[in-house]
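The values are calculated or read from the model by the stated rules, or taken from the named source; none is laboratory data. Computed from a predicted structure; not experimentally measured. With ideal geometry, Cβ positions are generated from the backbone for all residues, glycine too; neighbour counts draw on all protein chains shown. Side chains are part of the model used for accessible areas, which takes the heavy atoms of the whole protein and leaves out ligands, DNA and RNA. Shrake-Rupley method; radii C 1.70, N 1.55, O 1.52, S 1.80 Å.
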Amino acid sequence: MSLRSPPPILSVRPSRALVDEPFEVSVENLPPGGPVTVRSLHRSEDGDDWEAYGRYVSDHSGKVSVSEDLSFGGTFSGKQPMALLWSMRPVPGSRSGLRLRKLKVTTPMLVNISVYRGHNDFRDQTPLASAVTERWYMAPGVHRVDIRQEEVQGTLFIPPGPGPFPGVLDIWGGWGGLLEYRSALLASRGFASLTVEYLKPGELQTDLEFSSFEAAFNILKDHPKVLSDRVGVLGSSAGSIVTLYLAAESTAVQPRCVVCISNANCYPHESGLSGIQHLLAKKFDKIRLDENNHEIWRGIGLALLDDAPYKVDMGKIRSPVLLVNGRDDQNWPVLETADRMAQVVGAAGKAHLLYRLDYPNTGHQIEPPFSPHFRATNLAIDGTKDKAILLWGGETKAHSEAQEDSWKKILSFLRQHLYCSPKAKI
Amino acid sequence: MVTDALSNISLFDLFPLLFAERATDAVMFRAHASVKAMGQLTDMKIKPGCSVYRKLAGLQRLTGKVPWISSTRPAPLLTAAPVRALVDEQISIRGRFLPPRCPVTVWARMHSDEGDLWESFAHYNSNESGAFSLTGDPSVGGSYLGCEPMGLFWSMQPAPGGREGLRLRKKNVETPYLVHISLLGGHVSPSGGQISELAAVTAERWYMAPGVKRIAIHQNGIVGTMFVPPGPGPFPAMLDLWGMGGGLQEYRSSLLASKGYVSLSLAYFGHKDLPGPPDRINVGDLYFKAAFRLLQDHPQVVSDRIGIIGLSFGCYLTLRIATRTGVKPSCLVCINGPMGSTVPLTDSDGRTDQFDSFQQYWTFDDEGRVIFKDVSLPANLPPDSFVKLEKLDCPLMYIVGEDDLSASSTENADLIEENLRTAGKSHLFTRLSYPGAGHLIEPPYSPNARSSMWSVKPKKLITMWGGHPAPHAAAQEDAWKKILDYLEKHLRS
């Protein structure tokens with residue numbers, strides 16, 4: 001084949017990166033001043049296709065730089081270097097209520113980025129150029145260790161090197177099953193991290209109690225490659241209940257610092273953690289539906305705010321606590337919960353230990369950066385065989401900015417309290 | 001002695017004074033001074049020469065090991081970004097959470113595809129915040145000196161006790177090099193025994209970007225490997241030729257494909273799938289023409305945007321293909337090679353005589369290592385093999401390593417330039433010339449082999465390639481950028 005000039009070339013730098021690292025996508029050799037669409041495509045582990053795209057116009061030299069130029073629409077607009085990842089959504093024709101989560105962290109996410117002529121109907125065209133980029137949750141040298149003990153089932157990730165390392169116990173919320181990606185990423189950032197399986201996929205039912213988490217904490221703390229006095233806890237959603245308990249009330253363990261993402265603070269006294277499902281079920285009449293019939297569970301939480309037979313007594317916290325919340329959280333009244341906690345903490349004279357990050361237009365699922373935002377996703381409710389679509393909230397652009405900012409601040413918080421800073425006393 | 005001599009001799013004459021290749025001290029000090037470091041040293045008013053070695057070694061003994069590590073103090077953090085990279089991408093290595101103003105050693109090691117251990121190390125001091133970075137801070141000792149962000153990679157040497165005459169070349173481009181980088185307390189020599197590892201990070205270094213396809217070529221007698229970039233194409237292409245080491249080297253082609261060029265690494269000598277006796281070149285002009293046509297006819301290649309790159313003997317082949325076989329490349333890159341054959345030709349198609357039979361121009365240094373340089377002196381090349389440069393119709397970039405001990409690169413470059421000028425074609429010629437660089441100007445950040453094993457039978461022979469570590473590394477980095485820009489200009493616009 002012979003052409004007057006070779007076609008465009010698209011490059012992604014770096015071509016292989018950790019998921020929280022930014023990349024630069026640029027296209028060269030385009031016709032100058034020409035309309036193009038830059039599109040990312042990813043096939044998830046579930047076999048669904050996700051895509052994002054932006055509409056650009058090349059400059060006089062035939063270049064488009066996604067980091068520098070403005071997108072004129074698509075799944076994102078404006079100057080958005082990473083939107084090809086965070087604005088991804090299922091391609092048209094996909095099942096509804098999907099969620100993008102990587103379960104196998106030892107392999108990378110493969111994202112195909114292509115450029116098409118024009119601003120419309122790119123799906124019918126062959127791209128002008130494309131590149132493949134790898135996005136990893138795990139850095140080379142990180143060890144993955146299965147933990148299968150009686151009380152504690154989970155996965156431990158250990159950074160490369162001699163250690164010892166500070167540790168982070170990673171506790172997820174409902175319905176997830178065993179999620180490893182946040183722990184793998186924490187280990188890639190220098191923290192030994194243990195993620196615990198306690199709520200099977202589709203369930204809010206658990207056999208575990210606070211003591212199981214204390215056992216998990218100790219597994220981490222007693223590991224020969226972990227610094228026993230530098231272990232913190234990171235919990236999200238329902239997992240923050242356990243996190244706050246460990247921070248405030250546990251007599252068996254004492255985390256050096258904790259982080260709660262999308263906090264919750266209530267559990268039934270009579271049955272402890274294992275009764276969370278029933279506790280919620282009692283207030284199911286408070287579920288409202290939005291215009292798409294997506295379920296808003298905020299009301300349950302609000303009703304439980306005063307009703308719940310037990311809360312962690314935040315006045316008893318002994319170490320710094322970072323709360324990360326989204327102001328548009330439709331799944332749980334996180335701000336109201338945080339306000340109550342702040343009151344209690346303040347009254348106990350410990351306001352200096354509490355840090356809050358509240359992000360506008362941000363929903364419930366605050367994930368590591370550049371993960372696609374989903375406003376609502378499917379949930380199979382255990383025991384009922386029903387499928388519901390839960391509304392998490394958040395507006396994509398603001399939510400993605402919150403993910404990027406909060407991750408930086410969470411890492412900085414963890415480093416400050418778990419790694420040695422030069423000003424720390426010996 | 002040296003301060004007077006300083007004004008009379010070039011900086012690079014001084015390099016041998018700073019080499020300490022035998023470990024005679026408890027501190028094994030191997031400093032390969034960069035131009036910048038030499039400047040720093042002279043600013044420090046230390047007179048280059050033997051006294052430098054003694055002064056710096058003395059400093060090292062003063063600092064010693066740091067006794068502050070205890071179980072209640074967390075370990076520092078060593079990071080590399082990006083942690084998976086192509087070999088020509090810069091990696092930013094940093095250490096944090098150290099005590100302030102504290103001496104540390106960064107130690108890198110990796111295994112070659114053959115299983116040999118390669119390593120390098122450098123000495124740094126943390127700043128007041130307990131941090132340091134290879135991109136901002138100077139190495140004050142070890143395998144390299146001065147601020148060298150990629151110094152750990154290009155200064156690697158075979159670990160003590162390894163096989164002799166090694167050269168680092170990636171055989172399997174589908175896997176990365178795994179480099180283990182450790183942070184040690186104090187200014188130590190890692191092979192010296194007593195080390196305390198504080199932190200570590202593993203980096204992957206790739207010769208192939210994700211999505212690049214590797215295709216073994218065995219058709220129409222052509223023996224090679226083709227690499228195709230991801231995407232629909234079509235793409236400009238490169239024919240990739242190495243020297244008389246023979247065999248099939250894929251790593252430059254896989255890198256070129258990672259930059260968007262379909263690239264064909266072609267075997268022509270010393271490969272089991274090629275015809276005829278293995279000690280001579282049995283393929284001629286038709287073979288190379290067929291390889292070029294293979295690229296042209298590939299459905300994903302822009303047929304009028306194909307270049308050729310050749311190193312050493314590959315230079316001569318590049319020029320011969322462009323002037324004798326009727327194909328029309330868009331540009332040529334020649335590195336350190338002759339404009340005629342270094343082995344007598346046996347026919348008009350370019351087949352040659354037995355390679356090693358013609359040894360009259362071999363010279364030997366005082367350690368018995370063979371120097372091939374004079375073989376390619378224009379006066380010594382068979383006149384019937386000289387390429388007719390007046391027939392050149394495309395741009396040519398010629399790259400010279402001024403310390404090339406294997407080929408008379410400067411003399412050949414001069415002659416090529418002169419011939420082109422005579423033919424009224426100087427506008428086609430570009431020369432890059434690098435002082436202190438040797439014969440093996442390869443993709444950046446790989447260690448230079450100043451000499452390596454050439455043959456084991458009939459007798460063991462080590463050959464000199466030339467080049468000193470720091471200037472050769474600088475040459476590789478600069479040349480690669482300029483090669484890519486050159487290809488961009490002539491194959492993409």
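Our coupling estimate for region A:390-407, obtained by passing each phi through the Karplus curve with A = 6.51, B = -1.76, C = 1.60 and θ = phi - 60°, is 9, 8, 9, x, x, 10, 3, 5, 5, 5, 5, 5, 5, 4, 5, 5, 5, 5 Hz, Gly and Pro reported as x.
In terms of modelled amide H atoms, which long-range or inter-chain residues lie less than 5 Å from the amide H of A:Lys79? Hits under the 5 Å cutoff: A:Ser71. The spacing between region A:1-69 and region B:417-464, judged by their C-alpha centroids, is 37 Å.
Which percent of the accessible area of region B:352-493 is formed by carbon and sulfur heavy atoms (probe 1.4 angstrom)? C and S fraction of accessible area: 52 percent. Distance between the pseudo-spin-label points of A:Leu289 and B:Asp297 (7 Å out from Cα toward the beta carbon): 6.6 nm. Sequentially through region A:224-232, phi angles give Karplus couplings (6.51, -1.76, 1.60; θ = phi - 60°) of x, 9, 10, 6, 5, 9, 10, 10, x Hz, Gly and Pro residues having no value and appearing as x. Estimated from helical segments only, the mean residue ellipticity of the protein assembly as shown at 222 nm is -6500 deg cm²/dmol, where each DSSP H run of four or more residues counts as -39500 (n - 2.57). Shielding by partners for peptide A:135-142, expressed as the average number of C-beta atoms from other protein chains within 10 Å of each residue's C-beta, is 5. Note on chain A: with a GNM built from Cα contacts shorter than 10 Å, the maximum mean-square fluctuation among A:Ser236, A:Ser212, A:Ser40 falls on A:Ser212.
Roughly how much accessible area, to the nearest 100 Å², goes out of reach of solvent when A and B pair up, both sides summed, probe 1.4 Å?
3600 Å²
Structure remark: mean-square fluctuation, Gaussian network model of chain A, C-alpha springs under 10 Å; the largest value among A:Gly154, A:Gly54, A:Gly163 belongs to A:Gly163.
Here chain A carries DSSP beta bridges of which approximately 65% are antiparallel, counting only pairs with both residues inside.
Taking amide hydrogens as placed 1.01 Å from N in the peptide plane, the amide H of A:Gly393 sits under 5 Å from those of A:Gln330, A:His364, each at least 5 positions away in sequence or on another chain. Among A:Ala281, A:Ala238, A:Ala184, the largest mean-square fluctuation in a Gaussian network model of chain A, built with springs joining Cα atoms closer than 10 Å, belongs to A:Ala281.
For region A:290-403, a/c is not less than 1.5, where a ≥ b ≥ c are the root eigenvalues of the C-alpha gyration tensor, and a/b does not top b/c. That puts it in the oblate class.
Of the listed pairs A:Lys63/B:Lys259; A:Lys225/A:Lys408; A:Lys282/A:Lys350; A:Lys311/A:Lys397; A:Lys387/A:Lys408; B:Lys328/B:Lys481, which have alpha-carbon separations greater than 27 Å here? From the list (A:Lys63/B:Lys259; A:Lys225/A:Lys408; A:Lys282/A:Lys350; A:Lys311/A:Lys397; A:Lys387/A:Lys408; B:Lys328/B:Lys481), the Cα-Cα distance tops 27 Å for A:Lys282/A:Lys350; A:Lys311/A:Lys397; A:Lys387/A:Lys408. Amide H contacts of B:Gly224: B:Ile217, B:Ala267, each under 5 Å away and 5 or more positions distant or on a separate chain (H built 1.01 Å from N in the peptide plane; Pro and chain starts excluded). Each part gets one Cα centre, and for region A:219-274 versus region B:227-292 those centres are 59 Å apart.
Hey, which of these cross-link pairs are over 21 Å Cα-Cα: B:Lys391/B:Lys425; B:Lys373/B:Lys482; A:Lys79/A:Lys104; B:Lys289/B:Lys373?
In this structure, B:Lys373/B:Lys482; A:Lys79/A:Lys104; B:Lys289/B:Lys373 lie more than 21 Å apart at Cα.
The apolar share of the surface of region B:286-326, taken as the fraction of accessible area on carbon and sulfur atoms (1.4 Å probe, ligands and nucleic acids excluded), comes to 51 percent.
Antiparallel as a % of all DSSP beta bridges within region B:310-462, to the nearest 5?
Values: 5 of 17 bridges.
So the antiparallel bridges amount to about 30 percent of the total.
Counting only protein heavy atoms and a probe of 1.4 Å, the accessible surface of region A:129-202 is 47% carbon and sulfur.
Phi-derived couplings, Karplus 6.51 cos²θ - 1.76 cosθ + 1.60 at θ = phi - 60°, listed residue by residue for region A:23-37: 10, 10, 10, 9, 10, 10, 6, 7, x, x, x, x, x, 9, 10 Hz, with x used for Gly and Pro. Rolled with a 1.4 Å probe across the full set of protein chains, the surface gives B:Glu250 an accessible area near 20 Å². Taking a ≥ b ≥ c as the square roots of the eigenvalues of the Cα gyration tensor, region A:286-335 is oblate, since a/c reaches 1.5 or more and a/b is not larger than b/c.
Taking every alpha-carbon pair in the protein assembly as shown and binning the separations at 20 Å intervals from zero gives 13, 38, 33, 14, 2 percent. Estimated from the Cβ-Cβ distance and a Förster radius of 60 angstrom, the FRET efficiency linking A:Glu249 and B:Leu117 is about 0.70. The listed residues A:His60, B:His123, once ranked by accessible area (1.4 Å probe) with the largest placed first, stand as A:His60, B:His123. The accessible area of A:Thr106, taken with all protein chains in place and a 1.4 Å probe, comes to roughly 70 Å². Between A:Leu110 and B:Leu484, the FRET efficiency from the beta-carbon distance, with R0 = 35 Å, is close to 0.85.
Taking all protein chains into account, the per residue accessible area for region B:227-294 stands at 25 Å² (1.4 Å probe). Compute the helix-to-body angle for A:210-221: its Cα long axis versus the longest principal axis of chain A, expressed 0 to 90° and rounded to tens. Relative to chain A, helix A:210-221 is tipped by roughly 70 degrees. Sorting B:455-465, B:284-294 by average packing, meaning the other beta carbons within 10 Å per residue, from highest down gives B:284-294, B:455-465.
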